[in-house]
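The values are calculated or read from the model by the stated rules, or taken from the named source; none is laboratory data. The structure displayed is predicted, hence computed values, not measured ones. Using ideal geometry, Cβ is built from the backbone for each residue, glycine included, and neighbour counts are taken over all protein chains shown.
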Amino acid sequence: MKRLFNYIIAALILSSCGNSGNGELVGVKKREKFYQPDPFGMAYIPMGSFTMGVGDQDVPYAHINDPRTVSVSAFYMDETEITNNEYRQFVYWVRDSIARRKLGEINPEVYLVEENKKTGETYDPPFLNWKADIKWNGEEEREALEDMFLPEHERYFRRKEIDTRKLFYEYYWVDFKAAAGKDYSAGDPVNAGLANRPQGLKDRSLYVRKEIINVYPDTLAWIHDYAYSYNDPMTERYFWHPAYDNYPVVGVNWKQAKAFSIWRTELLRAYLNSKGNAVVNEFRLPTEAEWEWAARGGNSFSAYPWGGPYTRNEKGCFLANFKPLRGNYVDDGGLTPVIVAHYPANDFGLYDMAGNVAEWTNDAFDESAYNFTWDMNPAYNYNAKDSDPPALKRKVVRGGSWKDIAYYLQVNARSYEFQDTAKSYIGFRCVQNYMGRQKDDNPARASKIYN
């Protein structure tokens, strides 16, 4: 009787369990609902297929952008290039994090979070306390932060300024190709990665890469880009003066653009975690295919982002900031870079996909990349080391700039620059993959069918 009683109790418990699904496969119940809002300042780019590459005459007859049909997933893209003021937020964050770390050595109770007061968990190393204001002028604080400023013999008119050479950002990323046994940067393209897999399966830190990079733009790009130029005012004012806040940031190399994308991801994820919300996909530089699809704005066979074959509108006004005619730079309304979104957006809502400043993409440059990359979300990545020859450090640059002729403004035109160089005519913008298939999917209907 006792055994029978136990069976009855067990049956009652199982029958009353809300997650049992009556023996059917129904998935885990009470999962959190997820809705992905449009990221601030970004436009939604739907998935699609298009003919990537030259659609008209190959002017230089270079055969580096032969036409092919490719397909890309849905994603978000910044409506404009990253501006000086947006990139300055990154620089200030790095500056303040260094300052808090130094101040934590003399006053850890204020500037460091060493313990979770709710759970009693201790943090080693402690977190920086971003709620604490930095006191730059206190006697103790001033002494602790002194080495962040220029030494006295380097100061101009005795102005006390931050030494930008010390603004280093430390970040980490996972080398998924190495984890998959495709370590293309290790000499042997496959076996080097496979040799590390047994160890990596036991300790995944083998595939975690650490990078430390100075984040301050190369403001001298305005001088060293030209043999004979009068760009001293831009060198002295362009990045930090409020007049240029909404101009595209330049003087940022490919590595710095990548670091910015990772910082932007962590900034958003930290906020979402603090609110108990699910995280979203990371920000990153666009692939070549994503950039070209976005630049076309749904106009598959047009030469320019605005959907036509000409650089002027019906009123005779130029539609981008570039080098028109035989060098009449000001005829389009700008001499060097102009404020972002000065010209009309394309049909995807993106500004300055042609002209103003050219833009870094995530892809490494290879003349024949179109011939060996896949036709679905094609990408060619190579993590070049400092010791690699220059040819392996080439990264694709798209869109043309204020100094380029109209040919380089075409959506299919390809160029490159070296990943560790910064130019006064190259900026960047970020993308973020959409979570799911397409924005117009109906989650309520899917929930009804599958749950």
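List pairs: first in the range 292-313 and without any contact (Cβ under 8 Å) to a residue 24 or more places away in the chain and under 22 Å from residue 76 (Cβ atoms), second among the acidic types (Asp, Glu) and part of a helix (DSSP H, G or I), Cβ under 7 Å, 6+ apart or cross-chain?
Matching pairs, first to second residue: none at all.
Within the range 96-121, which residues are of a type in the set (Lys, Arg) and either in contact with a Ser or Thr (Cβ under 7 Å, 6 or more places away or on another chain) or under 19 Å from residue 148 (Cα atoms) (or both)?
100, 101, 102
In the range 381-425, which residues are hydrophobic (A, V, I, L, M, F, W, C) and within 14 Å of residue 362 (Cβ to Cβ)?
384, 396, 397
Out of all the residues in the range 408-444, which are under 30 Å from residue 60 (Cβ atoms), among the polar types (S, T, N, Q) and within 21 Å of the chain's Cα centre (by Cα)?
Of everything in the range 408-444, those that are under 30 Å from residue 60 (Cβ atoms), among the polar types (S, T, N, Q) and within 21 Å of the chain's Cα centre (by Cα) turn out to be 415, 419, 421, 424.
Check whether at least one residue in the range 340-360 is closer than 20 Å to residue 253 by Cβ and without any contact (Cβ under 8 Å) to a residue 60 or more places away in the chain, and report yes or no.
Within the range 340-360, not a single residue is closer than 20 Å to residue 253 by Cβ and without any contact (Cβ under 8 Å) to a residue 60 or more places away in the chain.
Can you tell me which residue within the range 39-95, out of those that are aromatic (Phe, Trp, Tyr) and part of a loop (DSSP other than H, G, I, E, B), is nearest to residue 414 (Cα to Cα)?
Within the range 39-95, the match that is nearest to residue 414 (Cα to Cα) is 61.
Looking at the range 346-375, which of its residues are more than 26 Å from residue 80 (Cα to Cα) and either part of a loop (DSSP other than H, G, I, E, B) or modelled with pLDDT of 95 or more (or both)?
Passing the criteria: 366, 367, 368, 373, 374, 375.
Which residue, of 243, 259, is part of a helix (DSSP H, G or I) and surrounded by 21 or more Cβ atoms within 10 Å (Cβ to Cβ)?
Step by step, each of 243, 259 is checked, and only 259 is part of a helix (DSSP H, G or I) and surrounded by 21 or more Cβ atoms within 10 Å (Cβ to Cβ).
Exactly one of these conditions fails for residue 160: (1) assigned to a helix (DSSP H, G or I); (2) modelled with pLDDT of 90 or more; (3) basic (Lys, Arg). Give me its number.
(1)
Quickly run through the range 321-339 and pick out the residues that are free of Cβ contacts under 8 Å to residues at least 40 places away in the same chain and part of a loop (DSSP other than H, G, I, E, B).
If the condition is that a residue be free of Cβ contacts under 8 Å to residues at least 40 places away in the same chain and part of a loop (DSSP other than H, G, I, E, B), then 325, 326, 327, 328, 333 are the ones that fit.
Limited to the range 201-235, what total is found for residues that are over 26 Å from the mean Cα position of the chain (by Cα) and of a type in the set (Asp, Glu)?
2
Within the range 367-393, track down each residue that is out of contact with any strand residue (DSSP E or B) (no Cβ under 7 Å at 6 or more places or on another chain) and closer than 20 Å to residue 428 by Cα.
Selection gives 383, 384.
So how many residues does the range 312-329 have that are in contact with a strand residue (DSSP E or B) (Cβ under 9 Å, 6 or more places away or on another chain) and either of a type in the set (A, V, I, L, M, F, W, C) or surrounded by 20 or more Cβ atoms within 10 Å (Cβ to Cβ) (or both)?
The qualifying residues number 2.
Inside the range 351-360, can you point out the residues that are buried (at least 24 other Cβ atoms within 10 Å of the Cβ) and either under 19 Å from residue 300 (Cα atoms) or under 17 Å from the mean Cα position of the chain (by Cα) (or both)?
Result: 352, 353, 354, 357, 358, 359, 360.
I'd like the full set of residues that are out of contact with any strand residue (DSSP E or B) (no Cβ under 8 Å at 6 or more places or on another chain), under 25 Å from residue 223 (Cα atoms) and assigned to a loop (DSSP other than H, G, I, E, B), limited to the range 394-430.
Scanning the range 394-430 gives 402, 403, 405, 420, 421, 422, 424.
Within 29 Å of the chain's Cα centre (by Cα) and assigned to a loop (DSSP other than H, G, I, E, B), is that true of residue 99?
Spelling it out, it is not the case that residue 99 is within 29 Å of the chain's Cα centre (by Cα) and assigned to a loop (DSSP other than H, G, I, E, B).
Enumerate the pairs (first residue in the range 145-156 and within 12 Å of residue 98 (Cα to Cα) and in contact (Cβ under 8 Å) with a residue 24 or more places away in the chain; second residue anywhere and of a type in the set (Phe, Trp, Tyr) and surrounded by 11 or more Cβ atoms within 10 Å (Cβ to Cβ)) with beta-carbon separation below 8 Å, excluding pairs fewer than 6 apart on the same chain, so at least 6 apart or on different chains.
Between residues of the range 145-156 that are within 12 Å of residue 98 (Cα to Cα) and in contact (Cβ under 8 Å) with a residue 24 or more places away in the chain and residues that are of a type in the set (Phe, Trp, Tyr) and surrounded by 11 or more Cβ atoms within 10 Å (Cβ to Cβ), the close pairs are 145/136.
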